[in-house]
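The values are calculated or read from the model by the stated rules, or taken from the named source; none is laboratory data. On a predicted model such as this, the values are computed, not experimentally measured, just so you know. FYI the Cβ positions are ideal-geometry reconstructions off the backbone, even for glycines, and counts take in every protein chain you see. Areas reflect the complete protein model, heavy atoms only, side chains present, ligands, DNA and RNA absent. Shrake-Rupley method; radii C 1.70, N 1.55, O 1.52, S 1.80 Å.
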Amino acid sequence: AQPRLDYDPAPCACAPCSAYRACVSPMFLVVWGIVAVNYLPYVVWYPLRTASWSCCIVVFHALVGLLLASYLMTVFTDPGTVPPEWHRAVAADRRLAADHRYCTKSGLYRPLRSHYCSVTRRVVLNLDHFCPWVVNAVGFYNRKF
């Protein structure tokens, strides 16, 4: 297969960054359910209301807020794909093309540490894995969350 010079990044097969994809996923609901199951007994139904309990509730809310913010950032952040300018530059230069791997599934040159994700059907930068808990590939831009 010949490298494609007319390159536009392939759209993600599982539609990353869409609210619809996240809301219909059972894993998204499972995570929110786990948070709710832990929230109710420790905050709403806890019988003893003391000063130390108030301190613990503030810390608990801060940690739950950070957990949910991190989770939502991972779910809704695109993991990254090969920039079109980079692919065009590599495909046009034989020396650069010799230094990079050619992906037969996508027809594109891949940067180092990037792989083809069979779930999203595109090349993902620094692909770690497709995580069903976040319903997204874990890659360069969303692994830090």
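Overview of results
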| read-out | value |
| --- | --- |
| Considering residues of segment 111-125 that are in contact (Cβ under 8 Å) with a residue 40 or more places away in the chain and surrounded by fewer than 17 Cβ atoms within 10 Å (Cβ to Cβ) only, the residue nearest to P84 (Cα to Cα) | R121 |
| So P84, is it touching a strand residue (DSSP E or B) at 6+ places or on another chain (Cβ under 8 Å), under 21 Å from L127 (Cα atoms), modelled with pLDDT under 85 and open to solvent by less than 60 Å² (accessible area, probe 1.4 Å) | no |
| All positions within segment 79-103 that are of a type in the set (A, V, I, L, M) and assigned to a helix (DSSP H, G or I) | A89, V90, A91, A92, L96, A97, A98 |
| Any hit, segment 55-78, residues being in contact with a strand residue (DSSP E or B) (Cβ under 7 Å, 6 or more places away or on another chain), assigned to a loop (DSSP other than H, G, I, E, B) and either open to solvent by less than 20 Å² (accessible area, probe 1.4 Å) or under 25 Å from V31 (Cβ atoms) (or both) | no |
| Flag if R49 is under 25 Å from V124 (Cβ atoms), open to solvent by 60 Å² or more (accessible area, probe 1.4 Å), more than 20 Å from the chain's Cα centre (by Cα) and at pLDDT below 90 | no |
